[in-house]
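Peer 1: Below you will find the structure I want to go over with you.
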Amino acid sequence: MSLEERLAELERRLAAVEIAQSGGHGRASESASPEQWALTRLHEEFAAADERTGGVMFVGSGRLPSDEQFGWQVQFTTDDIVAYDWDEAADCLAALGSPIRLRLLREIIRGSRTAAQLSDLDEVGSSGEIYNHLRHLAATGWVHTVGRGRFEVPPNRVVPLLVALATARR
């Protein structure tokens, strides 16, 4: 290993230690906060894999109001996300930009699964409008049909949906 490579490796390892100790804020502090254990672990994993730009992880586990259990995780490097065609994400994110679609998704998560149940809700529109919203949500992967006209949020989309909603909280 050349001197430059050794120095770069040492700088990477020092940066990893400083970020881990700062709780992800880039400056060293006395010690990493115990509440930031996931951040510390993620940083260590990216450092061990020599992912210099780091990345993000989405993970969730729990029980929905409909009593279904969920558990899911995925991680991406920063390079993967920056290189991704963000135009492709626009339709998927736009689908969540409609208050009516969000209300339909919430009711589906809560257990109302048929168009008939959804059309009983106030202020969501006619059954034709509801089907139009559901088609858009299905086209972008937020819902799919499961026999007899029942809709559900696919298991691999529950955590991303909850993360998207959590990021909108202020």
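The values are calculated or read from the model by the stated rules, or taken from the named source; none is laboratory data. Model, not experiment: these values are computed from the prediction. So basically every Cβ, Gly included, is an ideal-geometry build from the backbone, and we count neighbours across all protein chains shown. To get the accessible areas, we keep the full protein, side chains included, count just its heavy atoms, and leave off ligands, DNA and RNA. Shrake-Rupley method; radii C 1.70, N 1.55, O 1.52, S 1.80 Å.
Peer 1: Return yes or no: is Ala89 within 16 Å of the chain's Cα centre (by Cα) and not in a strand (DSSP E or B)? I'd like the intermediate steps shown before the answer.
Peer 2: Details: within 16 Å of the chain's Cα centre (by Cα): yes; not in a strand (DSSP E or B): yes.
Yes.
Peer 1: Next question. So, in segment 40-52, how many residues would count as being open to solvent by less than 70 Å² (accessible area, probe 1.4 Å) and in a helix (DSSP H, G or I)? So that I can check it myself, show each step before the final result.
Peer 2: Here is the first cut: in segment 40-52, the ones open to solvent by less than 70 Å² (accessible area, probe 1.4 Å) are 40, 42-43, 46-47, 49, 51.
Those still in the list that are in a helix (DSSP H, G or I) too: 40, 42-43, 46-47.
Final tally of qualifying residues: 5.
Peer 1: Given the criteria free of Cβ contacts under 8 Å to residues at least 40 places away in the same chain, within 30 Å of Ala47 (Cα to Cα) and in contact with a helix residue (DSSP H, G or I) (Cβ under 9 Å, 6 or more places away or on another chain), does Gln117 qualify?
Peer 2: Values: free of Cβ contacts under 8 Å to residues at least 40 places away in the same chain: yes; within 30 Å of Ala47 (Cα to Cα): no; in contact with a helix residue (DSSP H, G or I) (Cβ under 9 Å, 6 or more places away or on another chain): yes.
For Gln117, the condition - free of Cβ contacts under 8 Å to residues at least 40 places away in the same chain, within 30 Å of Ala47 (Cα to Cα) and in contact with a helix residue (DSSP H, G or I) (Cβ under 9 Å, 6 or more places away or on another chain) - is not met.
Peer 1: Could you tell me which numbered condition Glu68 fails, if it satisfies all but one of (1) touching a helix residue (DSSP H, G or I) at 6+ places or on another chain (Cβ under 7 Å); (2) under 30 Å from Gly111 (Cα atoms); (3) not β-branched (Val, Ile, Thr)?
Peer 2: (1)
Peer 1: Among the candidates Glu129, Glu152, single out the residue that is acidic (Asp, Glu) and crowded, with 16+ Cβ neighbours inside 10 Å.
Peer 2: Working: Glu129 fails: crowded, with 16+ Cβ neighbours inside 10 Å.
Matching residue, one of Glu129, Glu152: Glu152.
Peer 1: Next question. Quick test of your reading of the structure: Gln36 fulfils all but one of (1) within 24 Å of Arg169 (Cα to Cα); (2) open to solvent by less than 40 Å² (accessible area, probe 1.4 Å); (3) part of a helix (DSSP H, G or I). Name the failing condition by number.
Peer 2: If we test Gln36 against (1) within 24 Å of Arg169 (Cα to Cα); (2) open to solvent by less than 40 Å² (accessible area, probe 1.4 Å); (3) part of a helix (DSSP H, G or I), just (2) comes out false.
Peer 1: List pairs: first in segment 53-65 and over 16 Å from Ile81 (Cβ atoms) and open to solvent by 70 Å² or more (accessible area, probe 1.4 Å), second charged (D, E, K, R) and not in a strand (DSSP E or B), Cβ under 6 Å, 6+ apart or cross-chain?
Peer 2: As it stands, the answer is Pro65/Arg110, since those pairs meet every condition given.
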